[in-house]
Every structure is written in structure tokens, then in C-alpha cells.
1. For mean projected area of the Cα convex hull in nm², the choices are [x] 15.3; [y] 13.5; [z] 11.8; which was calculated from the structure?
2. On full extension of the chain, what length is gained from residue 62 through residue 224, given 0.36 nm per residue of separation minus the C-alpha to C-alpha distance?
3. Based only on other Cβ atoms within 10 Å, what is the fewest-to-most ordering of 238, 162, 130, 97?
4. Shape call for the stretch 1-78 from the C-alpha gyration tensor, a ≥ b ≥ c root eigenvalues: rounded (a/c under 1.5), prolate (a/b greater than b/c) or oblate?
5. Fewest Cβ neighbours within 10 Å first, please rank 56, 125 accordingly.
6. Just rank 146, 26, fewest to most, by other beta-carbon atoms within 10 angstrom.
7. How far is helix 233-248 tilted off the main Cα axis of the chain, in degrees rounded to 10, range 0 to 90?
8. When the gyration tensor of the stretch 34-140 is built from Cα positions, what are the square roots of 5 times its three eigenvalues, in whole Å, from largest to smallest?
Amino acid sequence: MVNLQAFCYMKNLIIDIGNTRIKSALFEGEELIWEKSFETLTDGITHWKSSSFNACLVSSVRWSQEELEEQLPFAFHFLNAQTPIPIVNGYETPHTLGLDRIAAAVGAWSFASGTAVLAIDLGSCMTFELVNPQGIYLGGTISPGLRMRARAMHEFTARLPLVAVDSVPTSPLGTNTQAGMKSGIWFGMAYEIQGHIEAHRQKFPDLQVFICGGDAQSFESLAKDHIFVVPNLVLRGLNCILNHNVKQN
């Protein structure tokens with residue numbers, strides 16, 4: 001039997017290994033203690049070895065469990081499609097569902113269990129994940145992110161330049177080509193986000209929305225009642241998954 005009081009103070013190390021960066025965080029129960037990113041696994045190991053933690057979860061798109069077992073000097077849970085999660089996965093092909101997508105859905109659910117939640121991750125792609133009030137993941141959508149849209153217009157046309165999308169346009173009307181492209185990219189995504197939210201609210205009026213990802217701060221202006229920007233939502237979801245597995249054991 002799990003000692004629930006001790007469980008609340010358990011420290012979890014979360015490691016999320018992506019294609020370009022390695023993100024990590026230390027949680028005590030559900031409270032975030034620190035969050036750090038690394039370029040290499042060696043740099044991460046140096047830091048993690050100096051940290052005190054009770055359990056660890058690793059999510060990786062770069063290395064397999066076997067490869068990481070040879071490199072990491074501590075025991076860990078490895079996230080895959082068979083790992084138990086605290087919500088029901090209603091996806092038709094759960095083995096093809098990105099682990100970051102399900103982690104974002106779990107993270108959103110952990111903030112607002114009992115109501116429908118929509119997790120929006122603004123990274124290389126923009127993803128939407130919907131969980132109903134009963135805690136069933138219903139699926140989601142995937143579309144191009146900010147930089148992917150900019151690259152697509154440049155690479156699939158003869159004359160359009162590659163525009164930077166590191167600032168938020170002030171108007172949906174551009175007065176030159178580059179301004180028009182920037183406005184089309186940013187406001188196109190903003191309207192897409194708003195459209196998804198409104199469509200899901202037709203069925204779930206109490207829907208709560210959580211926006212995360214590298215470009216989340218660019219869309220902070222969308223935050224209002226029941227819409228929250230939580231940049232580390234995926235890490236929080238991974239922590240919830242680890243807590244769920246520790247409780248089960």
C-alpha cells in the first residue's frame with residue numbers, strides 16, 4: 001500500500017528527450033521545483049546525478065530504452081504506448097499517438113479534472129488534444145506551426161521570401177509583402193486556435209483550454225477566461241504519468 005502522505009513529498013525527475021533539445025524538471029509531488037534544458041545527454045547526466053529524487057520518467061524520440069539504460073546511471077521508467085496513464089486513451093491507433101501529445105492531454109486534465117479540457121501545443125507543429133469530462137482522450141488535430149508556415153510559403157513559391165516570425169504583428173492587414181506574410185501566419189494560427197476552441201465549446205460549454213509549447217508566449221493575448229498559457233504543460237503531464245505509475249506499484 002502506498003503511503004499517501006509520503007507520496008505527496010516524493011521527488012520526481014522528468015526527462016523529455018526531443019529531436020533537438022533535452023528538457024528536464026524536478027517535481028515534489030505536483031509542485032515544480034526546477035526546470036532545465038540541455039543540448040547533450042552528457043550535460044544532462046552531470047546535472048541529474050547531483051539531484052536527489054525518488055523516481056524518474058524518461059520520454060524519448062531519439063534513443064530507445066535499451067540505449068538509455070546503457071547511458072543513464074540511475075533507474076527510470078520509460079514512457080511508451082503501453083505505459084499506464086491516468087486518463088483513458090480513446091485514440092484508434094494508440095501506438096501511433098505522439099507521447100508529447102498524450103502528455104499534454106494528461107497535463108491539461110491534471111489542472112481541471114471533471115471538465116472537458118483542450119491542450120494546444122505550439123511547437124514545430126500545432127496540435128490540439130481533447131479530453132472529455134469523464135477523462136477520455138477523444139483525439140485531436142495536427143497542423144503546421146509558425147516557422148513551418150513561413151518555410152512552406154518560401155519554399156513552395158518562386159518569389160516569396162523567408163520571413164522571421166519572432167514578433168507578433170500589430171494588425172491583420174500587411175502594407176507590404178513581408179508584413180502580409182507575417183500577419184497571415186500569426187493571425188491564421190490565432191483564428192485557427194479560436195475556431196477550434198469555439199467548435200469544442202459547442203459540445204462542452206465549460207471547456208478549459210491550456211496552451212503550451214515553444215511559441216506559446218507569442219499567443220498570450222488569447223489568454224482569458226478558461227484559457228491559460230502553461231509553457232511546461234508536457235513536463236507536468238509526464239510527472240502526472242509517473243505519479244500514476246508509482247501509485248499503482
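1. [x]
2. Length gained between residue 62 and residue 224: 54.7 nm.
3. Fewest-to-most Cβ neighbours within 10 Å comes out as 162, 97, 130, 238.
4. Prolate.
5. 125, 56
6. So the residues, fewest neighbours to most, are 26, 146.
7. 30
8. They are 28, 15, 14 Å, listed from largest to smallest.
Coordinate-derived values only; no laboratory data. Because the structure is a prediction, the values reported are computed rather than measured. When we count neighbours, we look across all protein chains shown, and the Cβ atoms used for this are built from the backbone with ideal geometry, even at glycine.
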